[in-house]
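Asker: Please find one structure pasted underneath; my questions will follow.
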Amino acid sequence: MSNTPLAILGSGGFAREVATIIHAINAKTPTYNLIGYIDNRIAKGTLINGLPVIGSDEEINKTPIPISIVTAFGEPDLKEKVYNKYTNPLISFPSVIHPSVILGNTPSIKLGKGCIICANCILTTNIEIKDFVTLNLSCTVGHDVTIGDFSSFMPSCNISGEVYIDKKVYCGTGAKIINQINVGENAIIGAGAVITRDIPANCTAVGIPAKPIIYNKRKR
């Protein structure tokens, strides 16, 4: 097990789910020294599911020793904003992968820093997942897919082959993207949507087939 302490940024529902990923990894192969949650809103020392809140992000940014952080937020803009607050070179952002995840052709799958891949996801071959991407429960990613920084996919999203997804894209639960589709930066894909054509940047798309209904809604 690494001597470097690992903390989860946030303490809400998804943060607690991330803790279960860390516990599952350690149960199979002792890997992480999980020390607790980072949360600005909850008193230091408060126990949450047996793990303490260890301080605020401002306190952790002043750490004199190395520490690893997992950013447990789903909202792409918030992930980017929080990451940019950390300036201490002693802080690192590992990617965590639940042991049940299936990686088809591991050497051809590129994974950036700070990613979270939850239980029962399947990734096939020739895939590039950039920094701080979240794949929630039971997502699938087909061949020759690129996913941009800070993007998030809620449970049971399906991404077919040869799809390009730009940065800070959010896909709701059960969304499906067919093959050879481009999804623009800051796009929001509604739950259950089926993407059959390219989706432009800065829009919200919903329906079957999905169509943009709102533009420039998200704060930049």
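The values are calculated or read from the model by the stated rules, or taken from the named source; none is laboratory data. Small disclaimer: the values here were computed from a predicted structure and weren't measured. Using ideal geometry, Cβ is built from the backbone for each residue, glycine included, and neighbour counts are taken over all protein chains shown. Quick note on the areas: whole protein, heavy atoms, side chains included, nothing else; ligands and nucleic acids left out. Shrake-Rupley method; radii C 1.70, N 1.55, O 1.52, S 1.80 Å.
Asker: What is the number of the single condition among (1) open to solvent by less than 20 Å² (accessible area, probe 1.4 Å); (2) in contact with a Ser or Thr (Cβ under 8 Å, 6 or more places away or on another chain) that Gly55 does not meet?
Answerer: Every condition holds for Gly55 apart from (2).
Asker: Since Ala175 meets every condition but one in (1) touching a residue at least 12 places away in the same chain (Cβ under 8 Å); (2) open to solvent by 30 Å² or more (accessible area, probe 1.4 Å); (3) within 23 Å of Gly13 (Cβ to Cβ), which condition does it not meet?
Answerer: Ala175 satisfies every listed condition except (2).
Asker: Within region 48-58, can you find the residues that are on the phi < 0 side of the Ramachandran plot and in contact with a strand residue (DSSP E or B) (Cβ under 8 Å, 6 or more places away or on another chain)?
Answerer: Selection gives Ile48, Leu51, Pro52, Val53, Ile54, Ser56, Asp57.
Let's see how each residue does on (1) free of Cβ contacts under 8 Å to residues at least 24 places away in the same chain; (2) in contact with a Leu (Cβ under 8 Å, 6 or more places away or on another chain):
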{"residue": "Asn61", "(1), (2)": "no, no"}
{"residue": "Ile69", "(1), (2)": "no, yes"}
{"residue": "Asn84", "(1), (2)": "yes, no"}
{"residue": "His98", "(1), (2)": "no, no"}
{"residue": "Val101", "(1), (2)": "yes, yes"}
{"residue": "Ser108", "(1), (2)": "yes, no"}
{"residue": "Gly114", "(1), (2)": "no, no"}
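Asker: Now a separate question. Only one residue in Lys85, Lys81 is under 22 Å from Leu135 (Cβ atoms) and either open to solvent by 30 Å² or more (accessible area, probe 1.4 Å) or of a type in the set (Phe, Trp, Tyr) (or both). Which one?
Answerer: Lys81
Asker: If you don't mind, there's one more thing I want to ask. Just checking, how many residues over region 122-138 are crowded, with 24+ Cβ neighbours inside 10 Å and in a loop (DSSP other than H, G, I, E, B)?
Answerer: Count: 2.
Asker: Still on this model: Quick check on my filter: what residues within region 1-32 are assigned to a helix (DSSP H, G or I) and among the aliphatic types (A, V, I, L, M)?
Answerer: Ala15, Val18, Ala19, Ile21, Ile22, Ala24, Ile25, Ala27
Asker: Condition (residue is out of contact with any Gly (no Cβ under 9 Å at 6 or more places or on another chain), surrounded by 17 or more Cβ atoms within 10 Å (Cβ to Cβ) and free of Cβ contacts under 8 Å to residues at least 24 places away in the same chain) applied to region 189-196: is it met by at least one residue?
Answerer: Within region 189-196 (the criterion being out of contact with any Gly (no Cβ under 9 Å at 6 or more places or on another chain), surrounded by 17 or more Cβ atoms within 10 Å (Cβ to Cβ) and free of Cβ contacts under 8 Å to residues at least 24 places away in the same chain), the answer is yes, since at least one residue qualifies.
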